[in-house]
Every structure is written in structure tokens, then in C-alpha cells.
1. Name the residues whose placed amide hydrogens come within less than 5 Å of the amide hydrogen of M192, ignoring near sequence neighbours (fewer than 5 apart) on the same chain.
2. Excluding residues on the same chain fewer than 8 positions from K217, give the lysines whose Cα lies under 23 Å from its Cα.
3. Going by C-beta contacts inside 10 Å, put R115, R156 in order with the fewest on the left.
4. How many angstrom separate the Cα center of segment 195-226 from the Cα center of segment 111-126?
5. Of the peptides 227-237, 192-202, 135-145, how do they stack up when ordered by the mean number of other Cβ atoms within 10 Å, highest first?
6. Using Cβ counts within 10 Å as a stand-in for footprinting exposure, how do V215, V59 rank, fewest first?
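Read the figures in this text as sums done on the coordinates, not as results from a lab. Model, not experiment: these values are computed from the prediction. We place every Cβ from the backbone using ideal geometry, glycine too, and count neighbours over all the protein chains shown.
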Amino acid sequence: MTGPYPEPPPQYGPPPQQYGPPPPYAPGQPPYAPGQPPYAPGQPPYAPGPTPPKSNRGVVIAVVSIVGVLAVLCAAGIVAAVWLVNRENGGGHDDSDEIAGLIDYRLTHPDWLERDHLQDTEQPVYKMVPAAGGRHFGIWQRCAGDVYDKPVVEGRAVHSLEHGAVWITYQPGLAKADVDKLAGKVRNNDFMLMSPYEGQPGAISLQAWGYQLRVDKADDPRVDKFIRRFRETASLEPGTPCSNGTTE
């Protein structure tokens, strides 16, 4: 005995066996080897999740935009082609809607439809009466639904036809009831004008560029057919207005 307490008895045989799971690491030691991180360098402490799929939204938007532009261009091309056909055919029409008595100078006498401008001192000569096309003056007759009670300068009215107007003329002795009916078809309608014309064959005559129709009465249904078919569509200068011509 070296102290106030007795020494413990000596232990014989193997050390006592421990029961239960061993501690995760030795007492006083970190849970990993000194100098080593708890995971491999450059790796996160957990398994990486799956990579999210890349979005194709930008590609989809680009494809849709291209398709839209192509559709607009195709539509514009179709409209332009239809307009060209209509211009050459006087507006395009169904054979079942033919206008009896229509004179088509574009077909029979295209050489009468010259488009040169005349000097104010020149006097044009036309082979159709009234003129339905040909050389004309640089200033046109206003054709914004204008009803003239006196004859207009023919070379100016022809220029109006080039813009797409329908020019209605009548013999000065036409009954007032017919004159009023014709005026009702012209007023407030752009690309229309009307005036008396001394010496024309037939009581009433309608002119568009390259086309002419003569009728006896204002209520002839062919009058409205002619206007519907050729007003603006017979133009050789589409988009050119009638509103700023002369009213002399």
C-alpha cells in the first residue's frame, strides 16, 4: 500500500469484452484521418443530383417567328398576284356575270390606249367617243364622287380613268329623273365622276380605262355591274388618288 487507498487487484486474462456497437471513432480522434477532409477533394459532401434538361424555348420562339414571317410574305405574294390578274382582266370576274354590250378596248384595240402625257397646248384625238383611254393631260379631273353639270376637258377625264375612276357621261337632253339617278350613284363615292357629253352615241355611256358600256336608262342593272367591276380595279396606277385633281 502506497497511499491511503488500497490498490486495485491485478487483472488476469483478456480485457473485458465490450458490448454494443463500437464508437464511430476513437475517443479524442476526429471522424476522419487527420489532414484529410471528410470527402474527396473537389467533390461535394453529397452525391450530385441529375442535371436539369436544357430549355428549348428560344429555339421554339425563333422557329415560330420565322414561320410567321414566311406566312405573311406568302399572303402578300398571293394578294399581289390576284391584284395583277384583276388589273389585266378589268377586276376579274365570273363568266356567269358577263355584262352584255361591254366594249373591251384592251382586247380589241390596245394600241388606242397610249399613256403618254400631252402638253396643255395639244389637242388629243380619240378613236372612241367618249374616250376610254389614251394620251391625256398631266392634270386629271377630280373624281372623288364629283357630279359636273357642264362638260369637262376630255383629256383630263381620261387621266382620271388611268387612276381607276369610272366616268359616266350622258347626252345633255337626258331626262332629269335619269340624271338624278346617275348622280345618286356617283356622289360620295371615290373614283367616280359624271358630266354631260355633247354628241356621244347613246343616252348614257360609262367609261373605265380600256372599257366602255352604253345604255339607254339609268336604272339599267348593267350600270351597277360596270361600276362594281371596274371602279379602281381597272386602274393602271393603283393607289393614286382622285381627290386632288382639278374641278374646272
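1. Amide H neighbours of M192: A144, G145, D146, V166.
2. K150, K176, K181, K185, K225
3. On the way: R115 14, R156 20.
So the ranking, lowest neighbour count to highest, is R115, R156.
4. With segment 195-226 and segment 111-126 each reduced to a Cα centre, they are spaced 22 Å.
5. Numbers: 227-237: 19.6, 192-202: 17.7, 135-145: 21.2.
Sorting 227-237, 192-202, 135-145 by mean packing, highest first, produces 135-145, 227-237, 192-202.
6. Values: V215 20, V59 10.
By the 10 Å Cβ count, ascending, the order reads V59, V215.
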